[in-house]
Structure formats: C-alpha cells, structure tokens
Amino acid sequence: QVQLVESGGGLVQPGGSLTLTCTFSGNYFSIYTMAWFCQALGKQRELVASVNSDGSTYYRDSVKGRFTISRDNAKNTVYLQMNSLKPEDTAVYYCNRLTRTLPWGQGTQVTVSS
C-alpha cells in the first residue's frame, strides 16, 4: 500500500525559508505527476505546485518565484523549497499525486509569523 510521509515544516519568520520533503513508499512513483497541496485553517486543500514525470513544473501564481518543486526518482522523494515566506503561506502542507488519488499523509505544519 502506498504511503506518503511529509516532513520539514516548522515556525519561521516572514522572509525565511523552509524545505519540505515527501517520501513515497510504493511503486510507480517515477511515472506519477506529484504535487504539493496546502490547507489553511478553515479553508479547503489547494494545489500549490506540481512536477511531472519529465520534470516539468506548475506553480500557482501566489508562489511563483518563491517556491521550487523538485523530485528525486531514485529516492522516491518530492521536495518543496520555500523562500521569502509570507504569513499567508501558513498552512498544513501535503503531497500527493496531482489527481489526489493516493492516501493522504499526516502533512507538515508551516507557520510563518514574527
């Protein structure tokens, strides 16, 4: 059974940086389009960024130029480098296939506050 485990969140001041890591246990990782999602308190889970099997990426407008998604197929791992963090980036961050069809992990909390 596929398992997703997110890590790397924490409390950071505005303007700071974090790198999130998602490890995938299972098969076919290399052919999946993987994505990071975020869910702020009281809001729906939203797409932040995705990376195709060939490395092509997508970012939502609010994170363009600040976040970088990448993957290491040899390690079954997806990363989200988050720079110039803003208070509005505060949320629980999850990874999944872009189709959201894998079991969700526990997520990792990112809090941006002074």
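The values are calculated or read from the model by the stated rules, or taken from the named source; none is laboratory data. Treat the numbers as computed from the prediction; the structure is a model and nothing was measured. No Cβ is skipped: glycine too gets one built from the backbone with ideal geometry, and neighbour counts run over all protein chains shown. Protein only, heavy atoms only, side chains kept; ligands, DNA and RNA dropped before computing areas. Shrake-Rupley method; radii C 1.70, N 1.55, O 1.52, S 1.80 Å.
Express in whole angstrom the spacing between the alpha-carbon centres of the range 63-81 and the range 22-60. Rounded to whole Å, the Cα centres lie 9 Å apart. Ligands, DNA and RNA are left out, and with a 1.4 angstrom probe the accessible area of the range 1-65 is 56 Å² per residue.
Here is the size of the chain from its Cα atoms: Rg then Dmax, 13.1, 41 Å. A simple spin-label model places pseudo-atoms 7 Å from Cα toward Cβ; at residue 99 and residue 60 they are separated by 2.2 nm. Only protein atoms count toward the accessible area here, which uses a 1.4 Å probe; on the chain, the carbon and sulfur part of that area reaches 47 percent. Enumerate the lysines that residue 86 could reach by cross-link, defined here as Cα to Cα under 28 Å, with residues fewer than 8 away along the same chain left out. Output for residue 86: 43, 64.
Comparing mean-square fluctuations of 80, 47, 102 from a GNM of the chain with C-alpha springs under 10 Å, the top value falls on 102.
Computed over the range 22-81, the P(r) tail beyond 14 angstrom holds 54 percent of alpha carbon pairs.
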